[in-house]
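Notes follow once the structure below has been shown.
The values are calculated or read from the model by the stated rules, or taken from the named source; none is laboratory data. For clarity, every value in this text was computed on a predicted model and none was experimentally measured. Backbone-built Cβ (ideal geometry, glycine too); neighbour counts: all protein chains shown.
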Amino acid sequence: MKQKYYITTAIPYASGKPHIGNTYEAILADSIARWKRYEGYDVYFQTGTDEHGQKIETKAKNAGVTPKEYADGVVGEIRRLWDLVGTSYDRFIRTTDDDHVQAVQKIFQYLYDKGDIYKGAYEGLYCVECESFFTPSQLVNGKCPDCGRDVQPAREEAYFFKMSKYADRLIDYINTHPDFIKPVSRKNEMMNNFLLPGLRDLCVSRTSFSWGIPVDFDPKHVVYVWLDALVNYITGIGYNCGGESSELFKKLWPADLHVIGKDIIRFHTIYWPIFLMALDLPLPKTVFGHPWLLQGDGKMSKSKGNVMYADDLCDLFGVDAVRYFVLHEMPYDNDGSITWDVLIERLNADLANTLGNLVNRTVAMSNKYFGGAVRRTDVTEPVDDELKLAATTALPRVQKAMDEFRIADALNEIFNIFRRSNKYIDETAPWVLAKDPEKADRLSEVLYNLIESISIGANLLAPFLPKTAEKILHEIGTEPRTMNSLMTFGVYPEAGNKVAEKPEILFARLDPKAVMAEVEALKAKQQKPAEPETPELPAIKDEITYDDFAKLDLRLAKVVACEEVKRSKKLLKLTVSLGNEERTVVSGIKSWYKPEDLVGKTVVLVANLKPVTLCGVESHGMILCASDPEDKELAFVTPAKTLTPGWVVR
């Protein structure tokens, strides 16, 4: 049985579009998750969104929509970006999901009954942006110490959690578990600045706004953001406080790794472990607080006009180029930096020259000299040994770097194979060997050595640049191989393998002037207020009578199970409950929903539609969905509040 590995990102707040610094975290966690899968672990990767709080309530009011409608729009954008950069998550949890809401209410009740939560009143200086209270001594120049914005006096009735009750236990745990907080500098900061000076009890409910999870026994209170958001790591895998938790929870908890930004390290290494202690649950094995990605030497800010977004960068450079840059340029501990000139320089030097040019000319020479055939002849020379050593000893160094979450170091070790391969070409000069027919076998061996080294490098590269690795393996005419085989030179198949006839340019060199012209146009577009678009909608169909409409039997149905239809790229198989019966319905919504997203949702079903068979599955009904004219966005129709399955829609 495979060993499990449960990894999560922090869940970004759904108040606006995340910039590339925020998106970096999803890419970072994804590369670790993919690496662990390659190592043979049974990986479960969770990400999602934090959707409650005063800031969203205020933004929604200003936009003239409900908080849920506002959050839905932002969440759609976040998920689009996460999918765009190739995040291979298993669940995208939303704190508005029904299972999360119910679990949070149970947790709050349990902690209250246990005596860890009590009712009081809070008076202090409040930052709306960070949704945090501060004392005057905690302010920096009279501003919020976290975001630098103004704070305002606030007083309200609230429930509090007894943080100090567990402080000594947490201090002891951190001291006896050196891998709990990474890097060490984050651990020292938490101990010296927060734990050792003493913890204050934590406000865990609010009454000054209503957009949140209601406290069951005191509905004028909503659960405050940190107790709501942090527990997603257990609610998302089926934790049931006071009841029987899911098999998934029993398998996965404790988490192996929480990947978070350094700005929220306090909440994840103090509040979160104390909540878990109060729930009598084991603590996560490691919390890794990664540094920030800065624009030049400062934080990204709309007011500064220096914000970069992942979709714009991907449009300009490609997804894997963006993944490479943010992973390579982020140090382990200190902040990284992204600027347009450094970005262009790095992509030209590493991706276009070192990697792209290596693959292109190796494949081209194989085609030119041997019709694409790759053959080992064992006509070796001492110069081969250094290349073979570089290729076959890379894996342990990459593994060590990944075990320490030093992703940039891991990438550097992989690119050392490609650098050494380029040097090998200069040393062996295949074009010179090609001029002497008697050296054909030596030339074949040289090209084989290059292809084999590229194969090892590409397999190691796959967790970081998945699409690029896939293209490289296609170019050299081979398949992905096991991790264990990467320490053996000569695995590349000899029998009939050929490289691609026309090698593809993996990464073209960038013209700095041309790129910067596009950047300036992009900045101008971002600064210009967007004009509202009036979509061209389909014409209204011919009129019908009420009798025509009355022939439809529309019912509320609850999705109790959902899975992919194996033979189809578009279809999902849903099992829905109508209260007194269950049905199977096939729906072409696979491009917009994952099966786990639908379970527990209430949909509108055309209940009297004649059954049809789709891809071998009988579909008894059809769920109603709304979509834009081009089917780029789609959502199923659902009631605004929880209603009983089987009710008639009319």
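Can you say whether Y424 is buried (at least 16 other Cβ atoms within 10 Å of the Cβ), part of a helix (DSSP H, G or I) and touching a Phe, Trp or Tyr at 6+ places or on another chain (Cβ under 9 Å), as far as the supplied structure shows?
Values: buried (at least 16 other Cβ atoms within 10 Å of the Cβ): yes; part of a helix (DSSP H, G or I): yes; touching a Phe, Trp or Tyr at 6+ places or on another chain (Cβ under 9 Å): no.
So Y424 fails the test.
A quick yes/no check of all residues on (1) in a loop (DSSP other than H, G, I, E, B); (2) under 24 Å from G238 (Cβ atoms); (3) at pLDDT 90 or above:
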| site | (1), (2), (3) |
| --- | --- |
| R583 | no, no, yes |
| S591 | yes, no, no |
| D597 | no, yes, no |
| N608 | yes, no, yes |
| A635 | no, no, no |
| L643 | yes, no, no |
| G646 | yes, no, no |
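Within the stretch 435-473, work out how many residues are of a type in the set (F, W, Y) and within 27 Å of the chain's Cα centre (by Cα).
Initial filter on the stretch 435-473 (of a type in the set (F, W, Y)): 448, 464.
Restricting the remaining residues to those that are within 27 Å of the chain's Cα centre (by Cα) gives 464.
So the count comes out to 1.
Could you list all residues from the stretch 320-365 that are at pLDDT 95 or above and under 12 Å from Y24 (Cα atoms)?
Listed by number, the residues that qualify are V322, R323, Y324, F325, V326, L327, H328.
How many residues are under 23 Å from D30 (Cβ atoms) and either of a type outside the set (A, V, I, L, M) or surrounded by fewer than 13 Cβ atoms within 10 Å (Cβ to Cβ) (or both) if we restrict to the stretch 61-80?
The initial filter retains those residues of the stretch 61-80 that are under 23 Å from D30 (Cβ atoms), namely 74-80.
Checking which are either of a type outside the set (A, V, I, L, M) or surrounded by fewer than 13 Cβ atoms within 10 Å (Cβ to Cβ) (or both) leaves us with 76-77, 79-80.
Number satisfying all stated conditions: 4.
Kindly provide the set of residues from the stretch 493-523 that are closer than 23 Å to K471 by Cβ and out of contact with any Gly (no Cβ under 8 Å at 6 or more places or on another chain), ordered by number.
Here is the first cut: in the stretch 493-523, the ones closer than 23 Å to K471 by Cβ are 493-494, 496-511, 515.
Answer for the stretch 493-523, where residues must be closer than 23 Å to K471 by Cβ and out of contact with any Gly (no Cβ under 8 Å at 6 or more places or on another chain): P493, E494, G496, K502, P503, E504, R509, L510, D511, V515.
Hey, could you check the stretch 235-266 for residues that are surrounded by fewer than 16 Cβ atoms within 10 Å (Cβ to Cβ) and without any contact (Cβ under 8 Å) to a residue 12 or more places away in the chain and say which is nearest to D335 (Cα to Cα)? Reasoning before the result, please.
Initially, the stretch 235-266 is screened for residues surrounded by fewer than 16 Cβ atoms within 10 Å (Cβ to Cβ), giving 242-244, 246-247, 250-251, 254, 263.
Narrowing the set further to residues that are without any contact (Cβ under 8 Å) to a residue 12 or more places away in the chain leaves 244, 246-247, 250.
On the way: E244: 43, S246: 39, E247: 39, K250: 36 Å.
The residue in question is K250.
Please find, among T58, T9, the residue that is hydroxyl-bearing (S, T, Y) and surrounded by fewer than 19 Cβ atoms within 10 Å (Cβ to Cβ).
Working: T9 fails: surrounded by fewer than 19 Cβ atoms within 10 Å (Cβ to Cβ).
The unique qualifying residue is T58.
Of the residues that make up the stretch 288-304, is at least one modelled with pLDDT of 95 or more, closer than 30 Å to D116 by Cα and either among the hydroxyl-bearing types (S, T, Y) or buried (at least 17 other Cβ atoms within 10 Å of the Cβ) (or both)?
yes
Among the residues of the stretch 479-503 satisfying the criterion of being assigned to a loop (DSSP other than H, G, I, E, B) and under 29 Å from the mean Cα position of the chain (by Cα), which is surrounded by the most Cβ atoms within 10 Å (Cβ to Cβ)? Before you say what the answer is, go through the steps one by one.
Of the residues in the stretch 479-503, the ones assigned to a loop (DSSP other than H, G, I, E, B) are 479-483, 488-497, 499-503.
Retained after the next criterion (residues that are under 29 Å from the mean Cα position of the chain (by Cα)): 479-483.
Details: E479: 9, P480: 12, R481: 17, T482: 10, M483: 15.
That would be R481.
When you check D218 against the structure, is it surrounded by fewer than 22 Cβ atoms within 10 Å (Cβ to Cβ) and at pLDDT 95 or above, yes or no? Reasoning before the result, please.
Values: surrounded by fewer than 22 Cβ atoms within 10 Å (Cβ to Cβ): yes; at pLDDT 95 or above: yes.
It is true that D218 is surrounded by fewer than 22 Cβ atoms within 10 Å (Cβ to Cβ) and at pLDDT 95 or above.
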